[in-house]
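First up is the structure itself, then whatever we jot down about it.
The values are calculated or read from the model by the stated rules, or taken from the named source; none is laboratory data. Not measured: the values here are computed from a predicted model. Quick reminder, even Gly has a Cβ in these numbers, built from the backbone with ideal geometry, and neighbours come from all protein chains shown.
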Amino acid sequence: MRKQRKTTWKIDPVTKFLEHMSALAFIGIVVIFSLYLPILDCDETFNFWEPLHYLMYGSGLQTWEYSPDFTLRSWLYIKIHQLLLLPVQFFFGKVHKSFYFYSLKVLLGVITGVSVIRFRNKVRQAFGDCFTATLSLVTLGSVGLYASAVAFLPTSFSTALQFLALSEWFSIDGESSTLQWRRIIALHVVSYVLGWPFAILSAFPIALHFLSLANLRHCAFGLAFTLLVILVSVMVDSHFYGRVAFPMLNLIQYNVFPSEGTGAHLYGTELPIFILKNLFLCFNVVFVAALLSPVTCFLDNYSSAICMNRKTWVAPAMTWALLLFWSQVAHKEERFFFHLYPCILLSATQAIDTTYKSLAKILPKRLVKFSYITFFVLYFSLSAARSIALFTLYSAPRELHTEILISFDHLKSPVICYSDEWYRFPSSFFLPDSALPISFIQAPGMSSQLPMPFLSSRSTVNSFNNRNLIAANQFVDVAKCDYFITSDPKQVNRTAWRSLFSRPIVDPENSEWYFRAFYIPFISSRKLKYS
């Protein structure tokens, strides 16, 4: 039998040029996001940047998850990122710590960018040039993917490894696939043990394929490698915590099998519509295309080579399955959805590709091409509007700390305080070298547990709890503060304080959501309310 050739449809020079340039463009945009995107999730600040600051400088803020009483977070994960910064320290020597902050974000973004580019190249081998050209355009405008790429979060770590694992899966070719399967196993194990264990939900199709092979050698390798990674994790984390610790298991237990009075729901709950709103902000019209991908395959009367490829059907099936799953989970965060991104990108590409070819059979080619171009013009316009909104509307805290760095680094141990806007703190990497960890002033309505200064990774003196109950020693008297950062003038006694720096930050309670979500030139500035 003669091997069947893959069929591809020709692409015009403009699209081909965009395909060739998209890799460099993607990396370039990643660097822009690294430098200008503020931290959007306080969990990133307090559970990852602060422990890294503690490892590098011996000070920082500790959350209850890093208490030896609970051990929900992995120090090995933090240590890996500290090692990533060693070349930066070697080549640049003594620089301010904010330089390491930006350097790590750039490194994380470039690593994810490389994994996405490799993923795209393997997709070309499986589905052809034109499908990949559309995928390149889809990834190039994906604000959610850029935000994930530059975030210092286990979910971002797992997503980058997921792109690499899918790349290997798409390159599997019959029996000569031992090396690919071992890479897939290794990538998934590292992703779940050292990253985010709940990303395992995305591996369901690959797991079914793996189990259908019934290959004992692959199973033996998987078991041995899993035990090895777990052993390394337990050894390193036990060293830091001063007791036997396996954070991945503790994280699963707290979130899936919580004891009475504990659980993730203590930190906020959202309705199912939250996930749809969030993913629309991340991908706008491309997310709509991804949702419609199962329908679009019927447009071509089952004749599309793309739709007949079983691996392509995996993406829309998993997109819908994961959407339904997360819609039923009470506590939702944007970072929980990162592992959907590869499925969303593939599903949307499939929908656009199939629709284009189907319409080209019944409508004039110029009209179909115009519709294709119009779709992506709308996509990139909304993505640009979303990016500008993220860069400009929420950057005030980091800008204020930069001013403090420039003007007040010479002061001896200044104390910087926050109140009910503690979650806006951009991390200790933006404090003067001589500054103490930030302190918190209690305001009306503050009734949750806050981070406290690290004493050591093994210390239990801070008396944390896993029920999000307030602790009396987490607040200080305002008289101990040298600087107080707030957007509420009512919190400040103007006879005792004077304003040094101010930056506008959007007031979400008095601004319409669509003007906050997408920056519209000449209109948003008039419609938005600022503090």
Restricting the stretch 517-531 to residues that are charged (D, E, K, R) and touching a residue at least 12 places away in the same chain (Cβ under 8 Å), the one surrounded by the most Cβ atoms within 10 Å (Cβ to Cβ) turns out to be 529
Taking the stretch 489-510 and keeping only residues that are surrounded by 10 or more Cβ atoms within 10 Å (Cβ to Cβ) and farther than 19 Å from residue 397 by Cα, one is left with 510
Screening 453, 426, 432 for residues that are surrounded by 11 or more Cβ atoms within 10 Å (Cβ to Cβ) and at pLDDT below 90 leaves only 432
Counting only helices (runs of 4 or more DSSP H) entirely within the stretch 216-326, those with at least 2 residues that are of a type in the set (Ser, Thr, Tyr) and either under 30 Å from residue 450 (Cα atoms) or at pLDDT 95 or above (or both) are 216-241
Open item on the list: Could you go through the stretch 204-214 and let me know if any residue there is aromatic (Phe, Trp, Tyr) and modelled with pLDDT under 95.
Closed with: yes
Filtering the stretch 508-523 for residues that are under 18 Å from residue 280 (Cβ atoms), of a type outside the set (Asp, Glu) and either out of contact with any helix residue (DSSP H, G or I) (no Cβ under 8 Å at 6 or more places or on another chain) or not in a helix (DSSP H, G or I) (or both) leaves a count of 5
Checked the stretch 483-507 for anything outside any loop (DSSP other than H, G, I, E, B) and of a type in the set (A, V, I, L, M); matches are 485, 506
Checked pairs for the stretch 124-151, first closer than 29 Å to residue 104 by Cβ, second at pLDDT 95 or above and outside any helix (DSSP H, G or I), C-beta under 7 Å and 6 or more apart or across chains, list as 147/37; 150/37
Over the stretch 322-342, the set of residues touching a residue at least 24 places away in the same chain (Cβ under 8 Å), more than 15 Å from the chain's Cα centre (by Cα) and within 17 Å of residue 290 (Cβ to Cβ) is 322, 323, 325, 326, 327
What do you reckon, is residue 172 touching a residue at least 12 places away in the same chain (Cβ under 8 Å) and assigned by TED's automatic domain parsing to the domain that holds residue 122? no
Tell me yes or no: at least one residue of the stretch 383-403 is touching a helix residue (DSSP H, G or I) at 6+ places or on another chain (Cβ under 8 Å), at pLDDT 95 or above, part of a helix (DSSP H, G or I) and closer than 24 Å to residue 130 by Cβ. yes
Scanning the stretch 73-94 for residues that are surrounded by fewer than 22 Cβ atoms within 10 Å (Cβ to Cβ), assigned to a loop (DSSP other than H, G, I, E, B) and of a type outside the set (D, E, K, R) gives 85, 93
For the stretch 343-354, state whether one or more residues are modelled with pLDDT of 95 or more, part of a helix (DSSP H, G or I), out of contact with any Ser or Thr (no Cβ under 9 Å at 6 or more places or on another chain) and under 22 Å from residue 151 (Cβ atoms). no
Within the stretch 55-75, residues touching a Pro at 6+ places or on another chain (Cβ under 9 Å) and more than 19 Å from residue 248 (Cα to Cα) come out as 59, 60, 61
